[in-house]
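Step one of this worksheet: look at the structure below.
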Amino acid sequence: MSELRVLVVSPEVTPFAKTGGMADVCGSLPLYLRSLDCDIRVFLPGHRSVQQIASRARILGNVEPIICGLPVRGTIRNTRLEKKVTTYFVENDALFDREYLYGTPEGDYPDNLQRFTFFARSAFELCALVDFWPHVFHCHDWQSGLIPVYLRTMFADHPELSHSASVLTIHNLAYQGLFPMDLFPLLDIPEQWRDVRGLEFWGKLNFLKGAIQSANVINTVSENYSREIQTEELGCGLDGVLRDRRDDLFGILNGTDYTEWDPRTDPYIAAHYTSENLEGKVSCKRDLLETLGLPEELMTRPVVGMITRLAAQKGLDIVAECIDEMLALEVGFVLLGTGDQKYHEMFQRIGARFPQKAAIRLGFDNELAHKIEAGSDIFLMPSRYEPCGLNQIYSLRYGTIPLVRATGGLDDTIRDYDPATGSGNGFKFEAYSARALMQRMISVLELYRNRAAWTDLMRRAMREEFTWARSASKYMDLYRLALQQPRHRA
């Protein structure tokens, strides 16, 4: 086989649609795989944001997958990712023309099963429409979880797809695609997939479980997370299924697109700077404070930044528990994010109580995200679990020192600072508690007051490299391994 044909099937891809790190992965990884003898293409739903960005995308034709006996029509459009990688999206305004991708802050959309069943079926219709028959379908999270199932059922004997393999990347095991069992007929798969060896999960349908059961190989976005999800604590009820597939389960650490996240060239920040010349970072801090309406006096005090999805996973409860104590240490606090309504309200109250120390911005603002990375002194990621995390990697490059909980990809990428040797690139704490967070925060602030030591740490952090080139090579190996695996598991 000379050139490997791969179709990346993802519900979100930067810059077209994004809620988290999966979009960054699917917007960057294909660019690197393209240079590795790989004919790689990308497929995503025609969300409202996709249509707005790619409004002039060329119409290739229509697809009409038959779902539960009825044709459902979609329009396939073609654009390019970074003017390099062919990207397709399927439009169906009734299913995808919405403000949010998966649900509102009040909860998931009730028709998500129908939406992502149509998306999965449209991927196969796309292959026929454009005459592109992948050797490997690279599927991301539960939203594309039916692709491996359909390869084992509906398309098992298809003349062009019978030898195709599937790779499932799990970005976050907690999101599984759970639906009422009485919707099973909409999937158009054999009855035996209704049981525990298929999609059944405590009386419900579980798209991610079906994908884990049927994909040729599975990977997570850090090595540590691939081990953690096989434990009862972080397995989210699927640890047993994952242990059964442990020989086919791998971890590949996400890379970073330094063309977008680099203080030497970042177009969104007030001044550029390097590890050799940090003067620009002072200007970035002043600009951040002015942008958020925080007082000038914080220029001489540490500013703690967070850019996060507002969800239980992210450690927001322990931040809220210790925020009074943290701000009593004369630090500034800035947060950008969107997510669950209860966290919106929780942090809005914090901003209202501490208007001279805390700035809370709810929503997604790419320019402000860059300003926070460049203008903060410390970047806080106290996650209960974190499959990989990208912001701690971005923060290193910006000389914004990460303070993270030692879990998943945070533990893989951050080396704890050792005052005896001066080694390390950030700070970690172990226990998931406000007390553990504050104990480590106090030691961080002690080092911050030692400007020479802090500057050395900043410069060391900025020299770290987490490029996509190494990770892309590992994904190529994973694709080849998937093609060697048995098509049908016992």
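Quick note: the coordinates plus some simple rules give every number you see, no bench work behind them. Every value quoted in this text rests on a predicted model; they were computed, and no experiment measured them. Cβ sites come from the backbone with ideal geometry, for glycine too, and all protein chains shown count toward neighbours.
Things worth noting here:
- Only beta bridges with both residues in region 279-462 are counted; by DSSP, about 5 percent of them are antiparallel.
- The relative contact order of region 249-304 comes to 17 percent, based on Cα pairs under 8 Å that sit 6 or more residues apart.
- Charge tally around ARG115: other residues with Cβ under 15 Å, Lys/Arg +1 each, Asp/Glu -1 each, net -4.
- Sorted by Cβ neighbour density within 10 Å, fewest at the top, the residues SER275, SER10: SER275, SER10
- By the rule of a C-alpha distance below 30 Å, with chain neighbours fewer than 8 residues away ignored, the lysines paired with LYS314 are LYS18, LYS204, LYS209, LYS281, LYS285, LYS342, LYS357, LYS371, LYS428, LYS474.
- Taking a point 7 Å from the Cα of TYR100 along the Cα-to-Cβ direction, the residues of region 313-337 with backbone N closer than 17 Å to it are 313-314, 337.
- Region 260-305 and region 328-381 have Cα centres lying 15 Å from one another.
- Around PHE379: net Lys/Arg minus Asp/Glu count, Cβ-Cβ under 14 Å: +4
- Per residue, the convex hull spanned by the Cα atoms of region 1-156 measures out at 110 cubic angstrom.
- Hydrodynamic analysis of the chain uses the Kirkwood radius over alpha carbon pairs. Inserted into Stokes-Einstein at 37 °C and 0.692 mPa s, it gives a translational diffusion coefficient of 140 µm²/s.
- Summary value for region 279-462: 21 percent relative contact order, contacts being C-alpha pairs under 8 angstrom separated by 6+ residues.
- Residues ASP257, ASP131, ASP287, arranged from fewest to most other Cβ atoms within 10 angstrom of their Cβ, appear as ASP131, ASP287, ASP257.
- Look at the alpha carbon pairs under 8 Å that are at least 6 residues apart: their mean separation over the length of region 45-166 gives a relative contact order of 21 percent.
- Degrees separating the helix 366-375 axis from the principal Cα axis of the chain, which is the longest one: 40 degrees
- Potential lengthening between SER162 and GLN356 on full extension [0.36 nm per residue; Cα-Cα distance subtracted]: 63.6 nm
- Summed side-chain charge close to THR256 - residues other than THR256 whose Cβ falls under 9 Å, Lys, Arg +1, Asp, Glu -1: -3
- Overall shape: rounded for region 279-462, with the ratio a/c of the largest to smallest alpha carbon gyration tensor axis below 1.5.
- Under the simplified labelling scheme, the THR274-ARG48 pair shows an inter-label distance of 4.4 nm, with each label point 7 Å from Cα along Cα→Cβ.
- Antiparallel bridge percentage (DSSP; both residues within the chain; nearest 5): 30 percent
- Annotation: extensible slack from MET181 through GLU296 equals 35.7 nm (criterion: 0.36 nm per residue apart, minus Cα-Cα distance).
- Helix 451-462 vs. the chain, principal-axis angle (Cα, 0 to 90°, nearest 10): 20 degrees
- By the count of neighbouring beta-carbon atoms within 10 Å, fewest first, LEU70, LEU362, LEU335, LEU199 end up ordered LEU70, LEU362, LEU335, LEU199.
- Once the Kirkwood radius over Cα pairs is known for region 47-114, the Stokes-Einstein relation at 10 °C and 1.306 mPa s delivers a diffusion coefficient of 118 µm²/s.
- Prolate/oblate/rounded call for region 1-76, Cα gyration tensor, a/c under 1.5 rounded: oblate
- Extension reserve of the ASP416-ARG56 stretch, reckoned as 0.36 nm per residue once the Cα distance is removed: 124.8 nm
- Angle of helix 341-353 to the longest C-alpha principal axis of the chain, folded into 0 to 90 degrees and rounded to 10: 10°.
- Inter-probe distance in nm under a simple model that places probes 7 Å from Cα toward Cβ, at ASP108 and ARG197: 2.6 nm
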